[in-house]
1. Within the range 45-54, can one find any residue that is open to solvent by 60 Å² or more (accessible area, probe 1.4 Å) and among the polar types (S, T, N, Q)?
2. Listed residues S115, S58; which is closer than 23 Å to G152 by Cβ and in contact with a helix residue (DSSP H, G or I) (Cβ under 9 Å, 6 or more places away or on another chain)?
3. Restricting to the range 125-141, and then to whatever is open to solvent by less than 40 Å² (accessible area, probe 1.4 Å) and over 11 Å from V163 (Cα atoms), can you tell me which residue is nearest to the chain's Cα centre (by Cα)?
4. Quick one: count up the residues across the range 1-34 that are among the acidic types (D, E), open to solvent by 50 Å² or more (accessible area, probe 1.4 Å) and at pLDDT 80 or above.
5. Have a look at G152, G158, G59, G112 and point out the one that is in contact with a Phe, Trp or Tyr (Cβ under 7 Å, 6 or more places away or on another chain) and open to solvent by 20 Å² or more (accessible area, probe 1.4 Å).
6. Among residues belonging to the range 35-64 that are charged (D, E, K, R) and at pLDDT 80 or above, point out the one that is nearest to D82 (Cα to Cα).
7. F75 is checked against (1) under 12 Å from the mean Cα position of the chain (by Cα); (2) open to solvent by 30 Å² or more (accessible area, probe 1.4 Å); (3) aromatic (F, W, Y) and fails just one. What number does that condition carry?
8. Looking at M144, M122, which one is part of a helix (DSSP H, G or I), open to solvent by 30 Å² or more (accessible area, probe 1.4 Å) and touching a Gly at 6+ places or on another chain (Cβ under 9 Å)?
Amino acid sequence: MAEQLEIQETDPGSPGDRCGKRVAVRELLGSEQQACDAFFGQLHWSDVRWRFGGPRTSGDCLLPRHDRAGRSLAFAACRKADDILGVINVEYIGVGTAEVGLIVRSDLKSRGVGSLLLSHVMEWSRTSGLKQLIGHIMIDNKAMLRLAYAAGFRCVGGNETLVEMIWPAPSAA
């Protein structure tokens, strides 16, 4: 899968000019602590709260892990190897089911990076034998809720804080 996206952003070297930047999705390695910390340093506190439910101080929470609790992996949207623009984590939670969590660099939101990552994981899940993806989205994270609905996720529960979304949507009996 070689999904790519060209995002438009202002080039800091030439104010006002627009430049296209190619973005590719790749697997994030457990050894990329430094790149994750640099990415994490570019996140607004509200984005961290929406993704993790509270404060975090480093990017190690984005790294994939393999321990007794389960298996996880992560994919990163990057322009170059150490320039992470967004991360989507995939945590296996049962047979054929994984939970996903997505975060995009705060200054690049609404540029297609989140859509690219989510569509990559949806396609990857089809080829890896997963039957369902689940996401828990804070109720005030309207942009993420819109993205999930647009991608085909459907609400299956929630409370006053979180909305539980599932893809593919359960079929009506």
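1. Taking every residue of the range 45-54 in turn, none turns out to be open to solvent by 60 Å² or more (accessible area, probe 1.4 Å) and among the polar types (S, T, N, Q).
2. On the way: S58 fails: closer than 23 Å to G152 by Cβ.
Answer to the check: S115.
3. If we take residues in the range 125-141 being open to solvent by less than 40 Å² (accessible area, probe 1.4 Å) and over 11 Å from V163 (Cα atoms), then L133 is nearest to the chain's Cα centre (by Cα).
4. Looking only at that region, the number is 1.
5. Step by step, each of G152, G158, G59, G112 is checked, and only G152 is in contact with a Phe, Trp or Tyr (Cβ under 7 Å, 6 or more places away or on another chain) and open to solvent by 20 Å² or more (accessible area, probe 1.4 Å).
6. D37
7. (2)
8. Numbers: M122 fails: open to solvent by 30 Å² or more (accessible area, probe 1.4 Å).
From the options M144, M122, the qualifying one is M144.
The values are calculated or read from the model by the stated rules, or taken from the named source; none is laboratory data. All of these numbers come straight from a predicted model, not from anything done at the bench. Ideal geometry is used to build each Cβ from the backbone, glycine not excepted, and the neighbour counts take in all protein chains shown. We work out accessible area using only protein heavy atoms, side chains counted, and drop any ligands, DNA or RNA first. Shrake-Rupley method; radii C 1.70, N 1.55, O 1.52, S 1.80 Å.
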